[in-house]
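Read-outs: derived from the displayed coordinates by stated rules, not from any lab. Note that the structure is a prediction, hence the values are computed from the model and not measured. Cβ coordinates were reconstructed from backbone atoms using ideal geometry, including for glycine residues, and neighbour counts include every protein chain displayed.
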Amino acid sequence: MGCCCSVDEAMLRSERGATNPKEPHTEWSARMLADIGTDVHAVSRDFPRMQVRLRDPDEDTSNHNDTTSPTAPHSNPKQRHARVLQNVVAIAALCGERDTIGNQVQQWLDSAMASNAPLLDQPDASPVFRQMQADTSMIAVVAPSNEPADESNATTLRAACKTFRILEYLVQGIVFYPVQRLAHLLWFPWSTRITDFEWHSFVCTRPQFPEHIYVIHRQVSRNYVEKKDISSTPAFEFEWDLVIAIKSTTGDFDDAQINMRRVTVRTGGSAAEGCFGASQDAQLMQDRIDQLTQRVMDSFHVEVEKKK
């Protein structure tokens with residue numbers, strides 16, 4: 001029998017012309033920058049939990065000793081805390097502050113380890129990090145008038161060194177506005193929920209741009225498709241970078257970009273690659289893949305890779 005079923009053209013036109021309800025967030029970079037420092041506990045809470053690597057994510061790592069990869073979660077608490085603070089020392093060296101901030105952090109760690117400080121025995125690294133901040137010259141605390149200035153009552157924490165400025169870009173909230181921007185660009189009536197399932201963070205310099213230090217967040221995200229819709233709704237995955245350029249001389253923000261690295265869509269196998277008139281689901285799948293392909297090209301100038 002020939003192909004006899006067809007999708008309701010009115011429905012297809014409705015999908016293609018649907019109004020995007022999500023805020024565009026075209027000023028995502030400015031909003032991201034304005035948000036830095038508003039959460040006074042962000043660095044001490046988030047940085048110890050982040051998987052930060054001190055290298056360029058695009059360089060060949062086959063012979064690379066990644067000294068800042070995270071310590072195993074079940075390792076000794078002292079080892080974990082030491083690794084977190086050694087990461088800070090490594091970032092200080094990258095910023096040209098090894099002899100100042102780096103030495104302060106290393107000396108604080110050595111002293112705490114030598115005295116077997118009880119603080120190092122607790123599993124949460126955040127209190128350790130907060131105490132280290134308080135005992136070094138990494139930050140300046142702004143507190144209410146006539147009150148002692150410490151992180152417990154701080155209204156603002158200000159970076160007092162390039163090292164801490166880098167750490168401020170290595171917190172979970174830094175990707176909030178970029179993610180909102182992507183959620184707008186990749187919204188479709190048939191795809192309203194995107195989940196992140198892989199996230200790596202990097203700090204590096206690039207020889208071709210000596211004026212910058214880079215903080216790079218690389219994420220892999222997927223749209224969520226319910227099982228009942230899998231025959232007509234494309235499941236797509238995309239890998240993207242948030243690349244933040246920081247002035248190497250001052251540690252000040254210079255630029256931020258969202259770079260789409262790849263977009264892969266599952267075509268649904270033979271049902272989606274054969275005669276699309278054979279079923280309404282197959283036609284709907286193809287039309288939605290076409291919508292995705294056009295949107296990705298228009299927004300990111302990237303070709304969508306199709307897989308069965």
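General remarks:
- Computed from Cα atoms, the angle from the helix 77-94 axis to the main principal axis of the chain rounds to 90 degrees.
- For the chain, the longest principal axis of the alpha carbon atoms and the long axis of helix 280-300 meet at an angle near 40°.
- Rounded to the nearest 20 debye, the dipole magnitude of the chain is 440 debye, with +1 charges on Lys and Arg beta carbons, -1 on Asp and Glu beta carbons, and the Cα centre as origin.
- For Arg288, the shell of other residues with beta-carbons less than 11 Å away shows a net charge of -3, using +1 for Lys and Arg and -1 for Asp and Glu.
- The relative contact order of the chain, computed from alpha carbon pairs under 8 Å that lie at least 6 residues apart in sequence, is 20 percent.
- Cα centroids of region 6-36 and region 83-102: 41 Å apart.
- Order of Met285, Met113 under a 10 Å beta carbon neighbour criterion, fewest first: Met113, Met285
- As a proxy for reagent exposure, ranking Met138, Met11 by other Cβ atoms within 10 Å from fewest up yields Met11, Met138.
- Convex hull per residue volume in Å³, alpha carbons only, for the chain: 172 Å³
- Among Asn223, Asn259, Asn116: highest mean-square fluctuation, GNM of the chain, C-alpha pairs under 10 Å: Asn116
- Per-residue ellipticity at 222 nm, computed for the chain from helices alone with -39500 (n - 2.57) per DSSP H run of at least four residues, works out to -10000 deg cm²/dmol.
- Listed by chain and number, the aspartates and glutamates whose alpha-carbon sits under 15 Å from that of Lys227, ignoring those within fewer than 8 places in the same chain, are Asp281.
- Choice from Ala183, Ala92, Ala18 showing the highest fluctuation, given a GNM over the chain with Cα pairs closer than 10 Å: Ala18
- Other residues lying with their Cβ under 12 Å from the Cβ of Tyr224 contribute a combined charge of -1, Lys and Arg counting +1, Asp and Glu -1.
- Ordering Lys78, Lys308 from the fewest to the most neighbouring beta carbons within 10 Å gives Lys308, Lys78.
- Selected from Glu27, Glu59, Glu198 as most flexible by GNM, with the chain as the system and alpha-carbon contacts under 10 Å: Glu59
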